[in-house]
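Chemist: The structure under discussion is supplied below as structure tokens; questions concerning it will follow.
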Amino acid sequence: EEPCYAGVPMSTIVERGYGIGDVISLLWFKRSLPRYCTQFIE
């Protein structure tokens with residue numbers, strides 16, 4: 001079993017190069033936010 005954040009597998013997060021803002025959006029908001037939002041979080 002692979003760990004998932006809001007239904008997104010950990011391997012996808014690593015392969016696509018998600019940043020800290022992307023991971024926080026998945027954990028807190030339970031969905032992917034637009035790039036400008038994740039950059040603001042970072």
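Chemist: Length gain on complete extension for the stretch GLN39 to ILE24, per 0.36 nm per residue less the alpha carbon to alpha carbon distance?
Modeler: 4.3 nm
Chemist: Could you give the spread of the C-alpha atoms of the chain along their three principal axes, from largest to smallest, in whole angstroms?
Modeler: Computed over the chain, the largest-to-smallest principal extents equal 32, 19, 12 Å.
Chemist: Long-range amide H contacts for TYR5: which residues qualify at under 5 Å (H placed 1.01 Å from N, peptide plane, sequence gap of 5 or more or a different chain)?
Modeler: MET10
Computed from the coordinates by the stated procedures, all read-outs in this text should not be read as laboratory data. Because the structure is a prediction, the values reported are computed rather than measured.
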